[in-house]
Amino acid sequence: MDELDSLILEHLQRDARTTNRELARVLGIAPSTCLERTRALRKRGIITGFHAAVDLRAINRPVQALLSIQVRPLSRDVIEGFKAYVSALPEVLSVFVIAGSDDFLVHVAVPDVDQLHTFLMDRFSQRREIVNFRSNVVYQHVSTQVVSPLHDTTV
């Protein structure tokens, strides 16, 4: 990745609906060069897709929580099975398989705290592989809109 690739990534992360012609104009390059570079970024798997950001409050999901979950026995089948189960739940935004005392960190968004409690009781308390879970309600969520490559500083 060079500086031009990084600039293309930055602009598309800020507004993925920017046309190729507009992006090329902003970057001061030919539209054909811009299109070729963007296609190469997709082909190399650096750009994995485009999406629309959604206001969770506007879709009746203002309460977010991070759920820390331990499962047993620790095996590939249990990890993969639970990951597939929890990923398919409509309340779930993200699933992280992690190292440490917990095995999963699950980000959920629901209408209210009562719905969070119901979700935990109905979806987790009956699962045999879950030996422990904790919930942390999120007061504020700030995410990075633009992710830039990091350069190796050990050289």
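The values are calculated or read from the model by the stated rules, or taken from the named source; none is laboratory data. All of these numbers come straight from a predicted model, not from anything done at the bench. Every residue, glycine among them, receives a Cβ derived from its backbone with ideal geometry; neighbour counts consider all protein chains shown. Note: accessible area is taken over every heavy atom of the protein model, side chains too, but ligands, DNA and RNA are not part of it. Shrake-Rupley method; radii C 1.70, N 1.55, O 1.52, S 1.80 Å.
Filtered by the rule that a residue be in contact (Cβ under 8 Å) with a residue 60 or more places away in the chain and either surrounded by 11 or more Cβ atoms within 10 Å (Cβ to Cβ) or under 16 Å from the mean Cα position of the chain (by Cα) (or both), the range 114-138 gives ILE130, VAL131, ASN132, PHE133, ARG134, SER135, ASN136, VAL138. Could you tell me whether VAL86 is in contact with a Phe, Trp or Tyr (Cβ under 8 Å, 6 or more places away or on another chain), modelled with pLDDT of 95 or more, among the β-branched types (Val, Ile, Thr) and open to solvent by less than 70 Å² (accessible area, probe 1.4 Å)? Considered against the rule, which asks whether it is in contact with a Phe, Trp or Tyr (Cβ under 8 Å, 6 or more places away or on another chain), modelled with pLDDT of 95 or more, among the β-branched types (Val, Ile, Thr) and open to solvent by less than 70 Å² (accessible area, probe 1.4 Å), VAL86 comes out as yes. For the criterion of being at pLDDT 95 or above, open to solvent by 40 Å² or more (accessible area, probe 1.4 Å), farther than 30 Å from PHE119 by Cβ and not hydrophobic (A, V, I, L, M, F, W, C), ARG44 passes. Looking for something open to solvent by 30 Å² or more (accessible area, probe 1.4 Å), over 27 Å from ALA58 (Cα atoms) and either out of contact with any helix residue (DSSP H, G or I) (no Cβ under 6 Å at 6 or more places or on another chain) or not aromatic (Phe, Trp, Tyr) (or both) - is there at least one such residue anywhere in the range 139-148? Yes, some residue in the range 139-148 is open to solvent by 30 Å² or more (accessible area, probe 1.4 Å), over 27 Å from ALA58 (Cα atoms) and either out of contact with any helix residue (DSSP H, G or I) (no Cβ under 6 Å at 6 or more places or on another chain) or not aromatic (Phe, Trp, Tyr) (or both). Figure legend. Inter-residue proximity from the range 140-154: first residues closer than 19 Å to ASP5 by Cα, second residues of a type in the set (Lys, Arg), beta-carbon distance below 8 Å, spacing 6+ or different chains. Indicated pairs: GLN145/ARG14; VAL146/ARG14. When PHE50 is tested against (1) outside any helix (DSSP H, G or I); (2) open to solvent by less than 60 Å² (accessible area, probe 1.4 Å), exactly one condition is not met: (2). For the range 14-39, filtering for residues that are in a helix (DSSP H, G or I) and modelled with pLDDT of 95 or more leaves 17.
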